[in-house]
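Working notes, beginning with the structure itself.
The values are calculated or read from the model by the stated rules, or taken from the named source; none is laboratory data. Since the structure is predicted, the reported quantities are computational estimates derived from the model, not experimental observations. Backbone-built Cβ (ideal geometry, glycine too); neighbour counts: all protein chains shown. To get the accessible areas, we keep the full protein, side chains included, count just its heavy atoms, and leave off ligands, DNA and RNA. Shrake-Rupley method; radii C 1.70, N 1.55, O 1.52, S 1.80 Å.
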Amino acid sequence: MGEIYLTREGRNNLLAELEQLQKRKPQIQDEIARAREHGDLRENAEYHAAKEALTNLMQRIAEIDSKLSRAQIIEELNIDPNKVFIGVRVTIKDEDGDEYEYSIVDEEEANPNQMKISIGSPLAQGLLGHSVGDKVDVALPAGNMKFEILKIER
């Protein structure tokens with residue numbers, strides 16, 4: 001697995017989630033112990049649900065640990081501030097004159113409701129490496145669209 005890119009905020013969010021999950025682990029382990037006291041485990045739904053919850057929790061903890069160990073903090077990288085890259089906020093205009101502002105982030109931080117798009121999204125891929133004033137043709141699932149890059153901010 002390669003490096004991933006996170007903003008400081010994204011890294012802090014992962015650390016906070018990890019802390020919450022680690023606090024939840026003993027609670028689930030207690031639930032398993034209580035359910036085990038009820039006897040026959042083959043037909044004990046409470047036991048199986050708690051075991052599944054613990055498995056899911058441990059998988060998420062491992063996933064976060066892995067991401068944090070591979071994370072590069074975007075603000076610490078030497079990236080050309082005049083080009084679209086991960087960690088920038090870019091303002092674009094479509095052919096109809098409508099303007100949109102997106103932050104380009106890693107998959108972990110992507111949230112369309114907050115106008116944060118993944119670096120792997122078709123739109124971000126089409127904008128990468130371009131500068132203010134560039135007109136780009138982007139292949140989107142709905143078809144090709146042309147955009148003009150109006151502003152790039154870090």
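Can you work out the accessible area per residue across the chain, with the rest of the protein chains kept in place, probe 1.4 Å, in square angstrom?
For the chain, the solvent-accessible area averages 62 Å² per residue.
Enumerate the lysines that LYS93 could reach by cross-link, defined here as Cα to Cα under 21 Å, with residues fewer than 8 away along the same chain left out.
Hits, sequence-local ones excluded: LYS83, LYS116, LYS135, LYS146, LYS151.
Show that you can apply the helix-only estimate: for the chain, add -39,500 (n - 2.57) for every DSSP H stretch of four or more residues, divide by all residues, and state [θ] at 222 nm to the nearest 500.
-13500 deg cm²/dmol
In debye to the nearest 20, how big a dipole does the chain give about its Cα centre with +1 on each Lys and Arg Cβ and -1 on each Asp and Glu Cβ?
That gives a dipole near 380 debye.
Calculate log10 I(q)/I(0) of segment 27-129 for q = 0.10, 0.14, 0.15, 0.24 Å⁻¹, where I(q) comes from the Debye formula with a single equal point scatterer on each Cα and nothing for solvent.
Computed log10 I(q)/I(0) values: -0.51, -0.69, -0.73, -1.23.
Straight-line reach from LYS25: which lysines fall under 25 Å, measuring Cα to Cα and dropping same-chain residues less than 8 apart?
Excluding near neighbours in sequence, the set is LYS51, LYS67.
Go through segment 132-145 residue by residue and turn each phi into a ³J(HN,Hα) via Karplus (6.51, -1.76, 1.60, θ = phi - 60°); whole Hz please, and just put x for glycine and proline.
For segment 132-145, the Karplus curve yields 4, x, 5, 9, 10, 9, 10, 7, 10, x, 7, x, 6, 9 Hz.
Once amide H atoms are built 1.01 Å from N in the peptide plane, which residues 5 or more positions from ILE86, or in another chain, come under 5 Å H to H?
Correct list: empty.
How far is it, in nm, from the label point at GLN59 to the one at GLN72 when both lie 7 Å from their Cα along the line to the Cβ?
Roughly 2.9 nm, to one decimal.
Quick check of the Kirkwood formula: for segment 15-72, what is the inverse mean of 1/r over all pairs of different Cα atoms, in Å?
Every distinct Cα pair counted, the radius reaches 12.4 Å.
For a Förster distance of 35 Å, can you work out the FRET efficiency between the beta-carbons of ASP94 and ASN13, rounded to the nearest 0.05? Can you show the working numbers first?
Details: r = 31 Å, r/R0 = 0.88.
The calculated FRET efficiency here is 0.70.
Whose amide H sits under 5 Å from the amide H of LYS151, counting only residues 5 or more places off or on another chain, with H placed in the peptide plane?
THR91
For the residue pair ARG154 and GLN22, what label-to-label distance in nm results when each label sits 7 Å from Cα along the Cα-to-beta-carbon direction?
Label-label distance for ARG154 and GLN22, simple model: 3.1 nm.
Quick one: Karplus J couplings for segment 86-100, per residue in order, coefficients 6.51, -1.76, 1.60, θ = phi - 60°, nearest Hz, x for Gly and Pro?
Whole-Hz 3J(HN,Hα) from phi for segment 86-100: 4, x, 9, 9, 10, 9, 10, 10, 8, 5, 8, x, 6, 9, 9.
So if I take the centroid of the Cα atoms in segment 104-154 and the same for segment 22-51, what is the distance between those two points in Å?
Taking the Cα centre of each part, segment 104-154 and segment 22-51 sit 46 Å apart.
With Cβ to Cβ distances under 9 Å as the rule, what net charge do the other residues near LYS146 carry (K, R +1; D, E -1)?
Overall, the nearby charge balance is -3.
What is the calculated FRET efficiency for ASP80 to ASN144, with r their C-beta to C-beta distance and R₀ = 25 Å, to the nearest 0.05?
Efficiency at R0 = 25 Å is approximately 0.45.
Under a 5 Å amide H to amide H cut-off, with H placed in plane at 1.01 Å, what residues pair with TYR5 once short-range neighbours are removed?
GLN72
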